[in-house]
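Heads up, the thing below is written out as structure tokens.
Quick note: the coordinates plus some simple rules give every number you see, no bench work behind them. Since we're looking at a predicted model, the values are computed, not measured. Cβ coordinates were reconstructed from backbone atoms using ideal geometry, including for glycine residues, and neighbour counts include every protein chain displayed.
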Amino acid sequence: MKKFSQWVSSIADSGREFLASKAGTKSLDSNQALADLCPQLCSSKGEALGTAIAHEVVKHYQKLDNEQRLIFFTMLATEYGPDADNIISCADDYRAQSDEVHYRALSEAMESPRVRLFKRINMAPNGTKTLIQMRLDLFCFIKEHREFKAIDTDLKHLMVSWFNRGFLILEQISWSTQAHILEKLIAYEAVHAMDGWDDLRRRLANDRRCFAFFHPALEDEPLIFVEVALTEGIATSVQALLAEADTDQPTSDQADTAIFYSISNCQEGLRGISFGNFLIKQVVLELQHELPQLQNFATLSPMPGFMQWLQTERKSDSEWLTTEDKLTLTQLDIPQWHAQASQSESLKTLLMRLGAHYLSHEKNGSLPLDPVARFHLGNGASIGQLNWLGDTSEKGLKQSAGLLVNYLYRLDKVEENHESFVNKGEVFMAADVKKLLA
């Protein structure tokens, strides 16, 4: 069977002979060529010719430098936006006569020329990949050019549809997976950086599992992957989890717990399009099928915003910190404070209490302030426990004073927890975590 990209390329090839008679783009710079090609692409009716033009648009876009991209996005914002007068007219017609004809006319009016252009670009070989890169490039300009936000809205709307769960392919990654894919795992790891091939080999050992989502239009490009450790009991330290295997390490058939210790998104241009919730739930089903003895499914997760929040509280008239608390927290300013033999029990008690408070009560709107908490609690997990000095790496200490969280995925409670969290803002936590708050 032909690969998807080979099939698209064959259509593009068949359309190039039609393009040969079209003059005026080869001698132009890429911005001028795009200004000429994009209207042709929007108006093209034939599949072969349209795919060939889309291929030319992709090639010219890839040649743009940063200044030229700004010109291109300005063109998209000013010349390819929706026609407000047409939308209002069609809406009035539909209000007067709500039949299928007027509904279709309103739907077509609501779709901006920009959306039609993006759909046509997606016909090209590497069209999907280019649009993802285009959205990533767009992020660099949005802060200073708010008018570009509408372009991002159109791109995200399409990508949510193109990358819905029905199109995603789950694959298990092992040491026998193609080397160029394994290299990408090392490059894309965002939670606990991999130190080369030996580190990767350890993470793909017999007591580990790794799963990734792929998409047919992005062959050999993972969208997101999750790393799992099979353990006896719930792991509390990532350094212990990432250490070299020893003779006491349980084999996969001895393990009773699956620990999700790293989830990494691979395509920054797909930011805001969630895959992780589908990934975790499907991996749980895969593991249950392979290892029916597993009883616990939990994460070993960072609190990436904790120290930033805590530093703000230390500098303010915080209602959560007394003068004595702030004095205790000065120990965090000592280099390598976590390794000091004189480390006080009062610091541990205070940080554990503040960590529990941060996860359960600090909000961004109605949702948890911490992004990892938002993700897992939104998936229906509960807060199982906090782990003191669970991550003593430089990153772990800087982000969360070494604290790690076990979010528990209890399959009989996931849907109930999810509904309560989404509809009522309820955060479910184990009794031991509640005691920390007291």
Q) In a GNM of the chain with a 10 Å cut-off on Cα contacts, which of GLN311, GLN40, GLN267 has the highest mean-square fluctuation? A) GLN311
Q) Amide H of THR392: which non-local residues (sequence gap of 5 or more, or other chain) have their own amide H closer than 5 Å, using H built in the peptide plane? A) GLN239
(Q) Using only the alpha-carbon atoms of the range 306-437 as identical scatterers, what base-10 log of I(q)/I(0) does the Debye formula give at q = 0.15 Å⁻¹? (A) -0.73
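Just want the ordering: SER264, SER346, SER301, from fewest to most Cβ atoms lying within 10 Å of their own Cβ.
Details: SER264 18, SER346 13, SER301 27.
Least crowded to most crowded, the residues run SER346, SER264, SER301.
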Q) Out of ALA258, HIS357, LEU106, whose Cα points farthest toward the positive end of the dipole of the chain (charges: +1 Lys, Arg; -1 Asp, Glu; placed on Cβ)? A) LEU106
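Only bridges whose two residues both fall in the chain count here: according to DSSP, what percent of them are antiparallel, nearest 5? Walk me through the intermediate numbers first.
Working: 28 of 33 bridges.
Once the DSSP bridges in the chain are tallied, antiparallel ones form about 85 percent.
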Q: Would you mind computing, in nm to one decimal, how far apart the modelled labels at ILE181 and THR322 are, each placed 7 Å from Cα along Cα→Cβ?
A: 5.7 nm
Q. Can you give the helix-only mean residue ellipticity at 222 nm for the chain, where every DSSP H stretch with n ≥ 4 adds -39500 (n - 2.57) and the sum goes over all residues, rounded to the nearest 500 deg cm²/dmol?
A. -16000 deg cm²/dmol
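Taking the Cα centre as origin and putting +1 on Lys and Arg beta-carbons and -1 on Asp and Glu beta-carbons, what dipole magnitude results for the range 168-211, to the nearest 20 debye? Kindly include the intermediate steps, with their values, before the conclusion.
Details: 6 positive and 7 negative charges, 27 e Å.
The dipole magnitude comes to about 120 debye.
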(Q) How are the alpha carbon pair distances in the range 279-351 distributed across 10 Å bins from zero to the largest one, expressed in percent? (A) 14, 33, 18, 16, 17, 1
Q | Across LYS59/LYS149; LYS59/LYS119; LYS129/LYS184; LYS143/LYS395; LYS348/LYS434, pairs whose alpha-carbon gap is larger than 19 Å | A | LYS59/LYS149; LYS143/LYS395
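Hey, fewest Cβ within 10 Å first, where do LEU377, LEU64 land in order?
Details: LEU377 27, LEU64 19.
By the 10 Å Cβ count, ascending, the order reads LEU64, LEU377.
Under unit Cβ charges (Lys, Arg +1; Asp, Glu -1), what dipole magnitude, rounded to 20 debye, does the range 223-367 have relative to its Cα centre? Provide the component values of the computation, followed by the final result.
Details: 8 positive and 18 negative charges, 124 e Å.
Around 600 debye, computed over the range 223-367.
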Q: Note down the nm distance, to one decimal, between modelled labels 7 Å out along Cα→Cβ at LEU285 and at GLU419.
A: 2.0 nm
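What area, in nm² and to one decimal, does the C-alpha convex hull of the chain cast on average over all directions?
Details: hull surface 111.0 nm².
Over all viewing directions, the chain projects a mean Cα-hull area of 27.8 nm².
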(Q) Using 0.36 nm times the number of residues separating GLN311 and VAL160, minus their current alpha carbon distance, what extension gain do you get? (A) 50.7 nm
Q. Between GLN385 and residues 5 or more places away or on another chain, which pairs have amide H atoms under 5 Å apart, with H built 1.01 Å from N, and which residues are they?
A. ASN406
Q.
Quick one: 3J(HN,Hα) in Hz for the range 232-238, Karplus 6.51/-1.76/1.60 with θ = phi - 60°, rounded, Gly and Pro as x.
A. 9, x, 7, 5, 10, 9, 6
Q. How large is ³J(HN,Hα), in whole Hz, for each residue of the range 391-398 in order, when computed from phi with the Karplus curve 6.51 cos²θ - 1.76 cosθ + 1.60 and θ = phi - 60°, using x for Gly and Pro?
A. 9, 9, 5, 4, 5, x, 5, 5
**Q.** Point-to-point label distance, LYS363-GLN172, nm (Cα→Cβ direction, 7 Å offset)
**A.** 4.3 nm
Q: Highest first, please rank the peptides 412-419, 126-133, 164-171, 52-59 by the mean number of other Cβ atoms sitting within 10 Å of their residues.
A: 52-59, 126-133, 412-419, 164-171
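To the nearest 20 debye, what charge dipole does the range 166-299 have about its Cα centre, counting +1 at the Cβ of each Lys and Arg and -1 at the Cβ of each Asp and Glu?
Numbers: 8 positive and 20 negative charges, 81 e Å.
Dipole of the range 166-299, to the nearest 20 debye: 380 debye.
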Q | Packing-based exposure ordering (other Cβ within 10 Å, fewest first) of GLU79, GLU189, GLU244 | A | GLU244, GLU79, GLU189
